[in-house]
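Below is one structure; the comments refer to it alone.
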Amino acid sequence: MNTNFRKSLAVLFGGVALSALTGLFLVSKRTPLAYFKASASHSDAPGFSWAHIIPSNELKWVDCYWEAQCARLNAPLNYSEPNGEKAVIAMARYPAAVPAGSPLYRGPVFFSGAAIGMDVLSVAFAGSALARIIGPEFDIIGFDVRGMAHSTPRVSLFKTEVERAIWHQTIPLPQELNASADAVARAWARAQVNGRLAAERAGDYLAHINTDNTARDMLRIVEALGVEKLQYWGMSYGTVLGAVFATLFPDKVGRMVLDGVLDAEDYFDKLRSHNFVNTDRALQSFFDACVAAGPKHWWSPKGCAFYAPTPEAISQNLTALYESIRVRPIPVYTPSGGYGLVDFALLRLVVFLNLYRGQESFNSLGDVLAALARGDGAATPLQWMLEPVPKCSCDAHEDLSDIVLDGVLAIICNDGRAVSSDFDEIEQYYANMTKASGWGSIMASVRIACSGWPAGPKKHFQGPVGGNTSIPMLIIGNTADPITPWAAKKTAKAFPGSIVLTQDCAGHGSLAASSPCTWGHIREYFGSGALPDAGTVCPVVGSPFADASLQPQAQTVLSVTERSVFDALTAMQRNSWRRKFIL
Ligand SMILES: *[C@@H]1O[C@H](CO)[C@@H](O)[C@H](O)[C@H]1NC(C)=O
Ligand SMILES: *[C@@H]1O[C@H](CO)[C@@H](O)[C@H](O)[C@H]1NC(C)=O
Ligand SMILES: *[C@@H]1O[C@H](CO)[C@@H](O)[C@H](O)[C@H]1NC(C)=O
Ligand SMILES: *[C@@H]1O[C@H](CO)[C@@H](O)[C@H](O)[C@H]1NC(C)=O
Ligand SMILES: *[C@@H]1O[C@H](CO)[C@@H](O)[C@H](O)[C@H]1NC(C)=O
């Protein structure tokens, strides 16, 4: 393998090489990050195991990962039957630097930033980085949403991990459906099978897994923490959860930051019709930045490896790469023993996910595209797509930390309005989506995955969101967020008084680039409740191709502390995308 290429693919972070292909980990087993994806048996507090925490009605914290403490809280499975069966919510806390009795102590801030509500490990792993932005006088709280990860009942359509792996293997969500003539039909057929499995194997509790109940769980946690109101920073799916909470309990909103906002109505409709309007804009900004960076050579490593003299030429080269891979996938065998194929569907998803990650990923995206254009698959780290082969004992409940497609489907399919299982209608929907955008063939897969899902009672909250919260919200939107273009402004309108802060970059959520300006406003808001002026635009620091001289606004360089905060937070986000579920 070309060493320069390999070096540029991996940035060294705390002894861990981050895979540049998707930003997912090439984890070396001995690094702390390995714990981030580890199950309870790998936790670092001696003797810690989730199984040893007896779920209770009060919070009892025990040391778990790093400096974090964990707890399991009882909640009603059905809030109309408070004395009925229980859901158990797993939580983590990164404690404030000041004791709870101190006058400086400012209470808990919830963080919901993982792909879909799996934030015990986000907080355990990135709590100290979050605390540096939010402030040391707050506890940082994360929990796994009911149905997922360490919370129970944990949605499972399969009796063993092996069964799950064989059925779900290499079928990501979202999925490129313009990959073969029968891809839409196959996706539909799989959805029918998933629906049957869900009804038969998860029917007892399935109807209780939804964001409405999760918002109630959040209130339950607030009460158990002994505070009046919720302080909350949500990203992506976390913005839906936050907006639902704020709609159901507007008087319980203490502070709320919604960041990388999803259009909640679109989410509940499952139309996903607006989501990709900005994706082409994000792609364009990659092309533009690549031209501006100039070609990459060993003597100018800060260039763009996929360089061509004009954005149009880069676009054409990308199209040519799509076409060649469509007819001839590239075999991959990585030095670490991973193997697989880069085919058209995977390449498209790689481009899409990297746009989602924003400018932080542009450099590596250029490297990967250039390597694939040379037919060089060995250089492409594919750990992220090569799901680890499950190791027997094959006990479905052993590795509780993993996000599984079963759980994701349960949340999104239950949450939204029922999707017809009629194949003709699905085909028409697909045709509509692909007409609307070149990315429609990817985003359509989300709704199609829900056709065939058990109908359920659907009496829970399904929007619209909005209300007069006890304190106005801070809503953060990027100028070229590939999937949530107008949602920030729309959501701000629904919650009068809230302010939109625009961060000037491509990517989904403020962590797509580093912006001390944005962090300053977040900290100020949590500290005093003060919002930025309407119309505030925060610049970001650093250029996509890591050469500060390319961008005049990048005069301020991140301090070492800021850099470490940013690295920890982006690493956390990347890992949450390990399973490729994006929302
Ligand atoms: C929750 O409990 C109420 C009251 O018993 C019942 O009417 C409702 O159907 C239950 N909800 C679900 C989803 O089972
Ligand atoms: C599918 O991809 C091809 C390029 O390989 C493109 O020409 C075509 O428009 C795409 N079709 C849809 C429905 O997106
Ligand atoms: C882009 O295409 C041009 C020809 O149109 C070719 O010379 C160049 O090598 C291509 N660049 C990459 C990175 O594929
Ligand atoms: C597709 O678009 C047409 C025309 O806008 C609309 O009438 C129809 O309801 C859409 N179908 C689906 C399944 O989305
Ligand atoms: C919010 O308050 C305004 C002014 O009091 C009122 O007109 C509006 O209906 C309220 N909105 C909601 C959703 O309660």
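Odds and ends about this structure:
- Counting only protein heavy atoms and using a 1.4 Å probe, the accessible area of Lys60 comes to about 120 Å².
- Taking a straight line from the alpha carbon of Lys60, these aspartates and glutamates sit under 20 Å away, with near neighbours fewer than eight places off in the same chain left out: Asp44, Asp119, Asp139, Asp144, Asp217, Glu223, Glu228.
- The convex hull of the Cα atoms of region 116-239, projected and averaged over all directions, covers 10.1 nm².
- Net charge of the neighbourhood of Gly117, taken over other residues with C-beta under 12 Å away and scored Lys/Arg +1, Asp/Glu -1, is -3.
- Isotropic mean projected area of the C-alpha convex hull, region 108-170 (nm²): 5.3
- Net charge of Cβ neighbours under 14 Å - reference Ser285; Lys, Arg +1; Asp, Glu -1: -3
- Per-residue ³J(HN,Hα) for region 278-289, Karplus 6.51 cos²θ - 1.76 cosθ + 1.60, θ = phi - 60°, Hz, x for Gly and Pro: 8, 4, 5, 5, 5, 5, 4, 5, 5, 4, 4, 5
- Computed over region 229-372, Cα set: Rg, Dmax in Å: 19.7, 59
- Alpha-carbon geometry of region 456-511: the Rg and the Dmax are 13.5, 42 Å, given in that order.
- Solvent-accessible surface (1.4 angstrom probe) belonging to Ser285, in square angstrom, nearest 10: 40
- Evaluating 6.51 cos²θ - 1.76 cosθ + 1.60 at θ = phi - 60° for every residue in region 80-86, the Karplus couplings come out as 7, 10, x, 9, x, 5, 9 Hz, glycine and proline recorded as x.
- Of Lys229/Lys458; Lys229/Lys493; Lys458/Lys493; Lys229/Lys459, pairs whose Cα-Cα distance is over 24 Å: Lys229/Lys458; Lys458/Lys493; Lys229/Lys459
- Accessible-area rank, largest first, for Arg164, Arg328, Arg196: Arg328, Arg196, Arg164, with all protein chains present and a 1.4 angstrom probe.
- Sequence-distant residues sharing a close amide H with Val155 (under 5 Å, placed H): Gly147, Met148
- Working note: Karplus 6.51/-1.76/1.60 with θ = phi - 60° gives region 500-508 the couplings 9, 9, 9, 9, 7, 6, 8, x, 9 Hz, where Gly and Pro are set to x.
- Each residue of region 173-278 gets 126 Å³ once the volume of the Cα convex hull is shared out per residue.
- Computed over the alpha-carbon pairs of region 411-536, the distance histogram in 10 Å steps reads 11, 28, 30, 22, 8, 0 percent, short to long.
- Total charge dipole magnitude, region 278-350, about the Cα centre, Cβ charges on Lys, Arg, Asp, Glu only, Debye to nearest 20: 160
- Largest to smallest principal axis extent of the C-alpha atoms in region 292-363, angstrom: 33, 28, 23
The values are calculated or read from the model by the stated rules, or taken from the named source; none is laboratory data. Being a predicted model, the structure only gives us computed values, none of them experimental. Glycine gets a Cβ as well: all are built from the backbone with ideal geometry, and neighbour counts include every protein chain shown. For accessibility, only protein heavy atoms count, side chains too; no ligands or nucleic acids. Shrake-Rupley method; radii C 1.70, N 1.55, O 1.52, S 1.80 Å.
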